[in-house]
1. Using the Cα atoms of region 234-274, I'd like the radius of gyration and the largest Cα-Cα distance, Dmax, both in angstrom.
2. For Ser307, Ser339, what ranking results if the residue with the fewest other Cβ atoms within 10 Å of its Cβ goes first?
3. Run through region 234-297 and list the GluC sites (Glu not before Pro) located in a DSSP loop whose Cβ has at most 14 other Cβ atoms within 10 Å.
4. Give the calculated FRET efficiency between His197 and Arg127 to the nearest 0.05, with a Förster radius of 30 Å applied to their Cβ-Cβ distance.
5. Region 168-277: which trypsin sites (Lys or Arg not before Pro) are DSSP loop and have at most 10 other beta-carbon atoms within 10 angstrom?
6. Test of the criteria: in region 207-311, which chymotrypsin sites (Phe, Trp or Tyr not before Pro) are in a DSSP loop and have at most 14 other Cβ atoms within 10 angstrom of their Cβ?
7. Whole percent per 5 Å bin, from 0 to the bin with the longest distance: what is P(r) over all C-alpha pairs of region 277-345?
8. Provide the percentage of antiparallel DSSP beta bridges, counting only those with both residues in region 135-213; round to the nearest 5.
Amino acid sequence: MPTFVIKHFEIKTMEYHLDKNGCYCRKKVISAQKLKKLNTFDWLCDIPEAQKLTDWVEVQFKNTRKGYYLNSNKLELEKGDIVAVESSPGHDIGEVTLTGSLVLKQMKKNNFRFDQQEVRRVYRIARPVDLEKYEEAKGMEHGTMLKSRKIAEDLHLNMKIGDVEYQGDGNKAIFYYIADDRVDFRQLIKVLAETFHIRIEMKQIGARQEAGRIGGVGPCGRELCCSSWMTSFNSVSTSSARYQDLSLNPQKLAGQCAKLKCCLNYEIDTYVESSRDIPSKDIVLETKEASFYLFKTDILKRTMTYSTSKDFLANEITLPVERVKNIIQLNKKGIRVESLSEEVEVEKKKEFGDILTEGGLDRFDHSRKANKNKKNKSRHQGELRNKDGNPDTRSEPVQPSKEAASPVSQQPQPPQSSQPSQSQNASKNRQHQPPYKAKGNQPEGTKETHQQKANRPQQNRPRFEKPQKNTPGNDEAKESTK
């Protein structure tokens, strides 16, 4: 059997053993041993002080039958040990399911009274001979149950024998039966004792207890409450389903015992307390357009759904309880509201789709095209600004006009200057410049087209020459002009 060591908060060192049935802490089941019905988790199994507080131990037999026995011989009993305990007559074989201080808590929970009940003791840990007898007795249980059912049917008894449990030594058997009315089974006991030659004990159980003994899984996916932890069964009525606004469908409300589910009583107190201040179902909300009738009430969300028809859902509207109370008060005063406002929007569940099918491979091309169009548009606007009169120093120089390039006329010129100055040419160009409005000064509602901008005559702007460097050749040219 493999073992491994785990340090617990760096203070203690505990040895764990792996077995077929689960994980053992010092041979004690702490988590996942083959869980029995009505199993109690021993969360104090690794504390020696808690185990030595009492000598009482809890022993479990077939299915849900349990008993509390005194360890008068001071045996070192641990959870999972098979022991032989006192019975009447003879002895019985069971499994230790709980030790230590938690046993006293369970005895108090199950109303075990020391002054009224007989104190029984643990004899010994079961020997191989005891286990052989125990297995032989268990092998006869199914055949005994079938024979006893036939005998009860021959005696015309209105009862059902659901299970048979033999004692560990095989001297006694317990017959569990279900009956709606009181049954006189004195004749049945005589016939059973003569047939099986054992001591007979009859126990009447209910349908829920029978389902707990058989076991199973409920519609919630968990083990049945009656076989896992529930020991007392309270009556369940259909009013519990009505308070919780559940459909009265017997197939959904009934459990494996063919009775109403015990879990209907778990939340009934919360629903009753929450529904105290909710208006009655019979109150009709009056508006100027129509009358609204209650269709559904969500007690936990505190919302009420109304419809304009009593028979089916039409023009539904969901209102909070406070709004319904205000409308009822106005209707009592004879005031009809225009509409039932403050509608509560029900959030739709988000649908999760496939990431691969959300978009194609070209879903990013649109953004690239948009960026490219923006760049082209900005470049085109820059070219238009240059044509409108904002000169760009990087552009080519404007060609001189014909007047400036024409030779000097034959008429005598004034002697002051043989060539017009640069300022005179600029003034002439301004005079010949056609009048036009700037883009910012255009009247609102008009916009110059691209064709108009292309047909606009070019301006005779002065020629901007680059500054020349001071070189010897340039200085001589300047002196000659002077």
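Read-outs throughout are calculated quantities, based only on the coordinates presented, and are distinct from any laboratory measurement. As the structure is a prediction and not an experimental result, all values here were calculated from the model. Reconstructed Cβ throughout: ideal geometry from the backbone, glycine too, with neighbour counts over all protein chains shown.
1. Cα only, region 234-274: 9.9, 30 Å (Rg, Dmax).
2. Fewest-to-most Cβ neighbours within 10 Å comes out as Ser339, Ser307.
3. Glu267, Glu289
4. 0.75
5. Arg182, Arg222, Arg276
6. Of the chymotrypsin sites (Phe, Trp or Tyr not before Pro), the ones in loops of region 207-311 whose Cβ has at most 14 other Cβ atoms within 10 Å are Trp229, Tyr266.
7. All Cα pairs, binned at 5 Å, distribute as 3, 18, 32, 28, 15, 3, 0 percent.
8. 50
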